[in-house]
Amino acid sequence: MSKNTPKAIRGTQDIFGPDAEAFAFVVETFERVRKLYRFRRAEMPVFEKTEVFSRAIGETTDVVSKEMYSFEDRGGDSLTLRPEFTAGIARAYLTNGWQQHAPLKLATHGPLFRYERPQKGRYRQFHQIDAEILGTGEPQADVELLAMADQLLKELGIEGVTLHLNTLGDAESRDAWRAGLIDYFEAVSGELSEDSQERLHKNPLRILDSKDPRDKAFVADAPKIDHFLSEEALAFFESVTSGLDAAGVKWKRAESLVRGLDYYRHTAFEFIPDEGSAAADALGSQSTVLGGGRYDGLMESLGGPATPAVGWAAGIERLAMLVGEKSEGPADAIIVIEDSSDVALVRGYAALKSLRLAGLSGELIAEGSPRKRYDKAVRRSPNAIVSFSENGHRISGDETTHPELERILGL
């Protein structure tokens, strides 16, 4: 590579070969599972007006204050590459009249952008799968989403992962908990990390998921949400947990689990690898596999009516790491042109078309010497090799497939 050749931007990646196949396997499995649960596909713009994210996510969050890729376009508008899906989905729900479809189950996937320190499984351009249920405040929606996530992980073959579950309560409960946390952490504020001191009055819940050892020393004894739950909030959470039990979804209570964005209410959850599992070893410190929760306060922050909603997202790169390398698999058949005759080449093209129309994979090799063409086909280990020459054809490979191939190819 020449010194003048541009390099990829830090925090981005080029995906190829087995890694790309693992990436595609995650997306294909997600698409199959979302259809089983009757989630409708949606696509949103990669960039939005900056206010969509600043108003929805919250000015005090790290995402808005430190991580967004924002720029001014030629018309003078401040735009931002989407750092997450939910805010854009909420904007689309309000501006496109999707309320008429409520309760609306949506699924999407694609690239997201955050300016943060690149590390294992985390990039500045990364990709997520995302599922949301909008327009329903019933706990059954939370159960539906979590059952879908649990089935997705199982169908991906990811083991040793447990659902960690908490409640953030309704608005009344959360406000009371927030006040209790401020009182508690104020007494030790001088011993907290600089980030937590800054968050203390802006977003004290964020201190609970701090990874700084100075904060962890105080988190264990911090007030728990259960002491502040209203009767309605407690009944909601109990309905979610009983629904999960009925659906066969295993879960673990995590009283300190919070979601880092301002719009969350009630259910908060993360699927986390079990200690010592292969999944934990693969992900290292980036332990969350899939996470989300209920965000009943989001639509109002964008100027819409009060609209309950719940959703989750998962990083495709992280899931692909857990899936492991995938091969593209052998071709059903490779067509080899044994000589340079036009007759053989035309027959080869026709055979390749018939093969693909029948739903079988294949490719054609017509370059190099006849011997090298055949050797190249053998090295790719297809299920069958169909060779054409001016004088006829021959099939090699699993003999049980020969009659079916001859029928498909019209030989």
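The values are calculated or read from the model by the stated rules, or taken from the named source; none is laboratory data. Since we're looking at a predicted model, the values are computed, not measured. Cβ sites come from the backbone with ideal geometry, for glycine too, and all protein chains shown count toward neighbours.
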(request) State whether the residues of the range 222-230 include one that is closer than 21 Å to ASP296 by Cα, assigned to a helix (DSSP H, G or I) and among the small types (Gly, Ala, Ser). (result) no
(request) Starting from residues that are crowded, with 16+ Cβ neighbours inside 10 Å and more than 37 Å from the chain's Cα centre (by Cα), keep the ones in the range 350-382 and report whichever is nearest to GLU404 (Cα to Cα). (result) ALA351
(request) Only residues that are within 25 Å of PRO382 (Cα to Cα) and in contact (Cβ under 8 Å) with a residue 60 or more places away in the chain: list them for the range 314-330, please. (result) VAL323, GLY324, GLU325, LYS326, SER327, GLU328
(request) Restrict the check to the range 154-171 and report whether at least one residue is buried (at least 18 other Cβ atoms within 10 Å of the Cβ), at negative phi and in a helix (DSSP H, G or I). (result) no
(request) State which residue is surrounded by the most Cβ atoms within 10 Å (Cβ to Cβ) when the search covers only the range 24-63 and only residues that are out of contact with any Leu (no Cβ under 9 Å at 6 or more places or on another chain) and hydrophobic (A, V, I, L, M, F, W, C). (result) PHE53
(request) Could you grab me the full set of residues in the range 377-411 that are β-branched (Val, Ile, Thr), in contact (Cβ under 8 Å) with a residue 12 or more places away in the chain and assigned to a helix (DSSP H, G or I)? (result) THR401, ILE408
(request) Starting from residues that are among the aromatic types (Phe, Trp, Tyr) and more than 12 Å from PRO45 (Cβ to Cβ), keep the ones in the range 77-136 and report whichever is modelled with the lowest pLDDT. (result) TYR123
(request) Could you pull out the residue among VAL249, VAL240, VAL258 that is crowded, with 17+ Cβ neighbours inside 10 Å and at pLDDT below 90? (result) VAL258
(request) For the range 331-356, enumerate the residues that are closer than 21 Å to ASN383 by Cβ and in a helix (DSSP H, G or I). (result) ARG347, GLY348, TYR349, ALA350, ALA351, LEU352, LYS353, SER354, LEU355, ARG356
(request) Being surrounded by fewer than 18 Cβ atoms within 10 Å (Cβ to Cβ) and over 19 Å from the mean Cα position of the chain (by Cα) is the filter here, so list the residues in the range 138-153 that pass it. (result) GLU138, GLN140
(request) Six or more apart or on different chains, Cβ under 8 Å: which pairs go from a residue in the range 359-374 that's free of Cβ contacts under 8 Å to residues at least 12 places away in the same chain to one that's buried (at least 17 other Cβ atoms within 10 Å of the Cβ) and not in a loop (DSSP other than H, G, I, E, B)? Could you list them? (result) GLU367/ARG373
(request) Restricting attention to the range 37-52, report how many residues are closer than 18 Å to ARG114 by Cβ and within 19 Å of the chain's Cα centre (by Cα). (result) 4
(request) Check whether at least one residue in the range 255-275 is free of Cβ contacts under 8 Å to residues at least 12 places away in the same chain and outside any strand (DSSP E or B), and report yes or no. (result) yes
(message) Looking at the structure I just gave you, is SER2 surrounded by 14 or more Cβ atoms within 10 Å (Cβ to Cβ) and either more than 29 Å from VAL143 (Cβ to Cβ) or touching a helix residue (DSSP H, G or I) at 6+ places or on another chain (Cβ under 7 Å) (or both)?
(response) no
(message) Here's a check for you: in the range 228-254, which residue that is in contact (Cβ under 8 Å) with a residue 40 or more places away in the chain and polar (S, T, N, Q) is nearest to GLU138 (Cα to Cα)?
(response) SER239
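Here is a yes/no grid of residues against (1) of a type in the set (Asp, Glu); (2) within 27 Å of THR12 (Cβ to Cβ):
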| site | (1), (2) |
| --- | --- |
| VAL63 | no, yes |
| ASP77 | yes, yes |
| TYR93 | no, no |
| HIS109 | no, yes |
| LYS120 | no, yes |
| PHE126 | no, yes |
| ILE129 | no, yes |
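Determine, yes or no, whether ALA147 is among the small types (Gly, Ala, Ser), assigned by TED's automatic domain parsing to the domain that holds ILE129, in a helix (DSSP H, G or I) and closer than 26 Å to LEU283 by Cα.
So ALA147 passes the test.
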